[in-house]
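Working notes, beginning with the structure itself.
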Amino acid sequence: MKFRIRHTRLSLAALCLFLSAAPLLAQEEAPASGISLSGFVKTDFFYDSRQTVTAREGHFLLYPADVLSDAQGNDINAKDNFNILSIQSRLTGKITGPDAFGAKTSGVIEGAFFGTVNSDINGFRLRHAYVKLNWTNTELLLGQYWHMKFVTGCFPGTVSFNTGVPFQYFSRNPQVRLTQSFGNLSLGLMAAAQRDFASPGGSQVLRNAILPDVNAQIAYATDRVLIGATAGYKTLVPRLVTDSLYRTTTGIGGFSAQAFLKLAPEAFTFKAQVTYLQNGYDGLSLGGFAIRSVTDPARDDRDYTNLNTLNVWTELHSNGSKVQVGVFAGYAKNLGASEALDDPGTIATYARGANIASLFRISPRVVLNSGKVRFALELETTGAAYGRTVDSMGIPGDLHTVVNQRVLFASYYFF
């Protein structure tokens, strides 16, 4: 009898163990579902030789600030400064799930502690939040992701979080994106709204235009080569009421065009990109739009015109897994307005860097990797040709160049 009782107890225990393991066995047979976390902890230590135009306490550098003279003619902005910040630390959740509509499904939720404004520094901010549906040759993305002109296969690998801005187009947008592949060739279409990266006046100026920011891209990619082009168009309605309290729906439309190239033989990687922008403010570029004329002073009706910019950058770096050296170089040119302006003094209202004729940057770097830890050092030299005057086409004149030297050391711990 004792033997039978023990045997029964053993059988019951085995049955319980089997039943508890059954869902796990079923999960192994079905497509995996869940979320995996990854990311990095990053701390930046940086020194600037003068005051700069930046975001988040100097962390996101655009260009050096112009000369600002005191009562004795001394440049107030010729004062060096430093900072230490860990706000770029990032958390990424990669989501997997069962098939839907005959497609493989996946998703990503990603955030960092960069905040949305300086007063929100250390605040957790949404970077990416999207779902993908992948068929054999078709991909549909819905959610917040990089703008199509930020080419994820060809962007600067700088240590600085500015990632080559303002020479590199930089924006994350709520969007719908469809990509169709034909072997090594792909065609993509994107319709996007604006969120954290918005045009002058905020995201509502695009919303009020009804049409989204639309872009198309063609790319050819192999293991060693990526080459492609992007074209886009967006329309803005800067205001719904004039200063004289009359309803207005006057808008402004702008084109963009881009070409990119990456060559990656075994020992090194070469990248290059050129971008022409009309009203590229929302991509953290120079430019924007301006009031061309006041067509009815009594009503304060206005016509607008685009401010145009040409951005070029290139990069070369080694492909070592333990030690990598590289250099980034960029140049931006203010091409001025598409049409002559009645009052050039209004440009700064709707533009970034309206008194800058051109920018340049060169930033060599060295990166050391060991396990999950990375140390990186970068020297970033950025110069801005500021103008004391602006002509009727919005081109700055009577130029003087201001240069900032940034020394940046960054530590990473990846997980």
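Assorted remarks:
- Options A216, A209: the member that is modelled with pLDDT of 95 or more and under 30 Å from Y63 (Cβ atoms): A209
- Count of residues meeting criterion [of a type in the set (A, V, I, L, M, F, W, C) and either open to solvent by less than 20 Å² (accessible area, probe 1.4 Å) or over 20 Å from A257 (Cβ atoms) (or both)] in the stretch 170-193: 7
- Odd one out for D282, checked against (1) outside any strand (DSSP E or B); (2) open to solvent by 50 Å² or more (accessible area, probe 1.4 Å); (3) in contact (Cβ under 8 Å) with a residue 24 or more places away in the chain: (2)
- Boolean, V373 is touching a residue at least 60 places away in the same chain (Cβ under 8 Å), touching a strand residue (DSSP E or B) at 6+ places or on another chain (Cβ under 7 Å) and more than 20 Å from T52 (Cα to Cα): no
- Residue within the stretch 371-380 that is open to solvent by less than 60 Å² (accessible area, probe 1.4 Å) and either outside any strand (DSSP E or B) or more than 22 Å from H59 (Cα to Cα) (or both) present: no
- Looking across the stretch 220-242, just one residue is under 28 Å from T309 (Cβ atoms), open to solvent by 50 Å² or more (accessible area, probe 1.4 Å) and either free of Cβ contacts under 8 Å to residues at least 12 places away in the same chain or not in a strand (DSSP E or B) (or both), and that is L240.
- The stretch 381-410 - residue that is among the β-branched types (V, I, T) and in a strand (DSSP E or B) and, of those, most open to solvent (accessible area, probe 1.4 Å): T401
- Residue check, E380 within 21 Å of V312 (Cβ to Cβ), acidic (D, E), in contact with a strand residue (DSSP E or B) (Cβ under 7 Å, 6 or more places away or on another chain) and in contact (Cβ under 8 Å) with a residue 40 or more places away in the chain: yes
- Of the residues making up the stretch 194-216, those that are open to solvent by less than 40 Å² (accessible area, probe 1.4 Å) and within 21 Å of the chain's Cα centre (by Cα) are Q194, F197, A198, S199, P200, G202, S203, V205, L206, D213, N215.
- For the stretch 355-370, a tally of residues being open to solvent by 20 Å² or more (accessible area, probe 1.4 Å) and either outside any strand (DSSP E or B) or touching a residue at least 60 places away in the same chain (Cβ under 8 Å) (or both) returns 1.
- The condition of being part of a loop (DSSP other than H, G, I, E, B) and of a type outside the set (A, V, I, L, M) holds for only one of N173, N162, that being N162.
- Summed over the stretch 100-157, the residues that are closer than 22 Å to I87 by Cα, of a type in the set (D, E, K, R) and either touching a residue at least 40 places away in the same chain (Cβ under 8 Å) or touching a Leu at 6+ places or on another chain (Cβ under 8 Å) (or both) give a count of 3.
- Test result for N118, modelled with pLDDT under 95 and either in contact with a Cys (Cβ under 9 Å, 6 or more places away or on another chain) or within 24 Å of Y386 (Cβ to Cβ) (or both): yes
- F167 vs. criteria open to solvent by less than 20 Å² (accessible area, probe 1.4 Å), under 22 Å from L286 (Cα atoms), touching a strand residue (DSSP E or B) at 6+ places or on another chain (Cβ under 6 Å) and assigned to a loop (DSSP other than H, G, I, E, B): yes
- Residue among T295, T249 that alone is free of Cβ contacts under 8 Å to residues at least 60 places away in the same chain, surrounded by fewer than 14 Cβ atoms within 10 Å (Cβ to Cβ), of a type outside the set (A, V, I, L, M) and not in a strand (DSSP E or B): T249
- Any hit, the stretch 107-114, residues being under 14 Å from S160 (Cβ atoms), crowded, with 16+ Cβ neighbours inside 10 Å and acidic (D, E): no
- Some residue of the stretch 74-94 being in contact with a Leu (Cβ under 8 Å, 6 or more places away or on another chain), assigned to a loop (DSSP other than H, G, I, E, B), among the hydrophobic types (A, V, I, L, M, F, W, C) and open to solvent by 40 Å² or more (accessible area, probe 1.4 Å): yes
The values are calculated or read from the model by the stated rules, or taken from the named source; none is laboratory data. Since we're looking at a predicted model, the values are computed, not measured. Cβ: placed from backbone, ideal geometry, glycine included. Neighbour counts: every protein chain shown. Note: areas computed on protein heavy atoms with side chains; ligands, DNA, RNA excluded. Shrake-Rupley method; radii C 1.70, N 1.55, O 1.52, S 1.80 Å.
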